[in-house]
1. Within the stretch 122-169, can you find the residues that are surrounded by 20 or more Cβ atoms within 10 Å (Cβ to Cβ), among the polar types (S, T, N, Q) and more than 22 Å from PRO17 (Cα to Cα)?
2. Which residues, taken from the stretch 79-91, are of a type outside the set (D, E, K, R), exposed (fewer than 14 other Cβ atoms within 10 Å of the Cβ) and part of a loop (DSSP other than H, G, I, E, B)?
3. Filtering the stretch 60-78 down to residues that are of a type in the set (Val, Ile, Thr) and part of a helix (DSSP H, G or I), which residue is modelled with the highest pLDDT?
4. For the stretch 36-46, check the following and say yes or no: at least one residue is touching a residue at least 60 places away in the same chain (Cβ under 8 Å), of a type in the set (Val, Ile, Thr) and surrounded by 17 or more Cβ atoms within 10 Å (Cβ to Cβ).
5. Restricting attention to the stretch 97-116, which residues are surrounded by fewer than 17 Cβ atoms within 10 Å (Cβ to Cβ) and β-branched (Val, Ile, Thr)?
6. Taking the stretch 47-72 on its own, how many of its residues are surrounded by 15 or more Cβ atoms within 10 Å (Cβ to Cβ) and small (Gly, Ala, Ser)?
7. Which condition number in (1) under 17 Å from the mean Cα position of the chain (by Cα); (2) at pLDDT 95 or above; (3) outside any strand (DSSP E or B); (4) not aliphatic (A, V, I, L, M) is the one that GLY21 fails?
8. Hey, among ASP112, ASP64, which residue is free of Cβ contacts under 8 Å to residues at least 60 places away in the same chain and either in contact with a helix residue (DSSP H, G or I) (Cβ under 6 Å, 6 or more places away or on another chain) or of a type in the set (Val, Ile, Thr) (or both)?
Amino acid sequence: MTRARSILPPRESALAPLYKGADLVDAYAVALPPGAPEDVGVLARAVLGGLSRWWVRSLMATRDAAVALVGVKTSRQIAAAAAGRGPVIGFFPVLSQTEHERIMGEDDRHLDFRGAILVQGTADGGRTLALVSVVHCHNALGRMYLRAIGPFHRAIVQTSLERAVVGMG
């Protein structure tokens, strides 16, 4: 299986202006096999489709139960509100899209989140699929939340990228 690896946040991402001053900026990438879809929307859905895995659903249910106690939006609330505004991938509203990138995100009282799914060319003519995350916290609740979910975030991102490319080649 192709492994997702940590990369420098891509300068060509539309999220690049948000990197400065962020409480979290991370990026992971996986090599796309020959024959993988060209459509970044299809690839984004393949990555975020990994959110339906049992262990991710369990983590999200735990997250939603905890954040609901302090007035933070649950994933269902985010998805329901987003569905009325436009396209959604996973439970994230799509904020912008280009041929090579999808930007998703949501603002809440504790933090603002932006994520990008980006297809990049490589020097050898191949392609990589990257997932970039940027978070700006508004208060102590946001910073506590970010510290608590950090390890789970990284595991979900890496696993989702890896699972997305299985069987694409």
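The values are calculated or read from the model by the stated rules, or taken from the named source; none is laboratory data. Here the structure is a predicted model, which is why all the values come from computation and not from measurement. Note that we place each Cβ from the backbone using ideal geometry, even for glycine, and neighbour counts take in every protein chain shown.
1. Result: SER160, single match.
2. If the condition is that a residue be of a type outside the set (D, E, K, R), exposed (fewer than 14 other Cβ atoms within 10 Å of the Cβ) and part of a loop (DSSP other than H, G, I, E, B), then GLY84, GLY86 are the ones that fit.
3. THR62
4. Yes, some residue in the stretch 36-46 is touching a residue at least 60 places away in the same chain (Cβ under 8 Å), of a type in the set (Val, Ile, Thr) and surrounded by 17 or more Cβ atoms within 10 Å (Cβ to Cβ).
5. Once the filter is applied, which keeps residues that are surrounded by fewer than 17 Cβ atoms within 10 Å (Cβ to Cβ) and β-branched (Val, Ile, Thr), the stretch 97-116 yields only THR98.
6. 1
7. Among (1) under 17 Å from the mean Cα position of the chain (by Cα); (2) at pLDDT 95 or above; (3) outside any strand (DSSP E or B); (4) not aliphatic (A, V, I, L, M), the lone unmet condition for GLY21 is (1).
8. ASP64
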